[in-house]
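Each value in this text was obtained by applying a stated rule to the coordinates, not by laboratory testing. Source: prediction; values computed, not measured. Note that each Cβ is placed from the backbone with ideal geometry, even for glycine, and that neighbours are counted across all protein chains shown.
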Amino acid sequence: MKKLIAGNWKMNGSLQSNTALVQALLSNAAQWKCDVALCVPAPYLSQLQSLSKASPLLFGAQDVSMHEAGAYTGEVSAAMLKDFDCRYAIVGHSERRQFHAENDALVAAKAQKALAFGITPIVCVGETLQEREAGLTEEVVKRQLAAVIHVNGHCISEIVLAYEPVWAIGTGKTATPEQAQHVHAVLRGQLRAASAHADRVHIVYGGSMNAANAAQLLAQPDIDGGLVGGASLKAADFLSIIAAAH
Ligand code: 13P
């Protein structure tokens with residue numbers, strides 16, 4: 001399957017720097033052999049919509065509300081994201097689980113809402129260092145994915161799944177290709193048990209992916225792309241990762 005390289009800008013960017021970054025990426029677009037997406041802060045969705053017009057660049061949000069509309073101050077609905085042609089919405093990123101107390105059930109509800117509005121949720125799962133050291137990695141990621149499967153049933157093949165070990169995010173510590181492949185294979189098995197179409201689900205890796213380590217990670221049989229934080233903010237680095245995905 002065609003790989004997917006998605007940037008997660010997190011809370012970074014400005015109107016000016018976004019234009020420069022996206023233009024630098026697009027000047028290379030003729031070389032892309034994978035799908036490329038940027039998940040940007042909500043205020044910049046409209047800017048991405050115009051910058052990416054008539055280009056292969058896809059874009060999305062970093063979160064979505066579990067509610068459809070109403071008195072939910074600060075929330076952004078799936079319908080609003082759809083208004084701006086969002087293709088993706090990250091749900092359950094570890095930073096939201098950690099700093100916004102998002103639990104498995106909420107993440108599953110958000111994924112469901114995205115799917116209902118034709119937006120592909122990029123569902124993040126991953127263990128903390130403490131959980132890994134306690135030998136709980138498989139248990140944790142399976143529990144996180146099971147909640148999403150439970151709520152979304154046969155639609156599960158419409159998601160993108162991101163394995164992001166929390167200890168590898170923003171730390172410069174990357175999972176080894178073997179460590180990542182092992183968890184991806186576990187997740188693939190769980191998807192296969194839930195859906196006949198599990199093999200078309202992109203399972204992407206995130207956590208300090210960079211120009212130097214991307215090729216080895218992306219060569220693993222169950223690593224179908226990357227969810228890239230820091231390195232997606234620099235055009236040259238992000239383009240190197242894109243070039244490694246073929
Ligand atoms: P880094 O690539 O900065 O480690 O972030 C990974 C991530 O959290 C992507 O969602």
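Descriptive notes on the structure:
- Label point distance in nm, Ser14-Ala29, each placed 7 Å from Cα along Cα→Cβ: 2.5
- Rounded Å value of the spacing that divides the Cα centres of segment 111-145 and segment 48-99: 18
- Reported value for segment 28-101: 104 Å³ per residue, from the convex hull of its C-alpha atoms.
- As a ratio to 2.2 N^0.38 Å, the alpha-carbon radius of gyration computed for the chain takes the value 0.94.
- Under 29 Å from the Cα of Lys234 - lysines, other chains or at least 8 residues apart: Lys2, Lys3, Lys10, Lys33, Lys53, Lys82, Lys173
- Over the Cα atoms of segment 116-210, the radius of gyration divided by the Kirkwood radius equals 0.97; this is the Rg/Rh ratio.
- With only Cα atoms counted, segment 45-182 has Rg and Dmax values of 15.8, 49 Å.
- Along segment 150-155 the Karplus relation, 6.51 cos²θ - 1.76 cosθ + 1.60 evaluated at θ = phi - 60°, assigns HN-Hα couplings of 4, 7, 9, x, 5, 6 Hz to successive residues, with x for each Gly and Pro.
- Placing dummy labels 7 Å off each Cα toward the beta-carbon, the span from Gln179 to Arg143 is 2.0 nm.
- Shape box of segment 88-129 [Cα atoms, principal axes, largest first, Å]: 34, 14, 13
- Only helical runs count toward this figure. For the chain, summing -39,500 (n - 2.57) over DSSP H runs of n ≥ 4 and dividing by all residues gives -11500 deg cm²/dmol at 222 nm.
- Using the Cα coordinates of segment 160-227, the gyration tensor eigenvalues translate into equivalent-ellipsoid semi-axes of 21, 11, 9 Å, sorted from longest to shortest.
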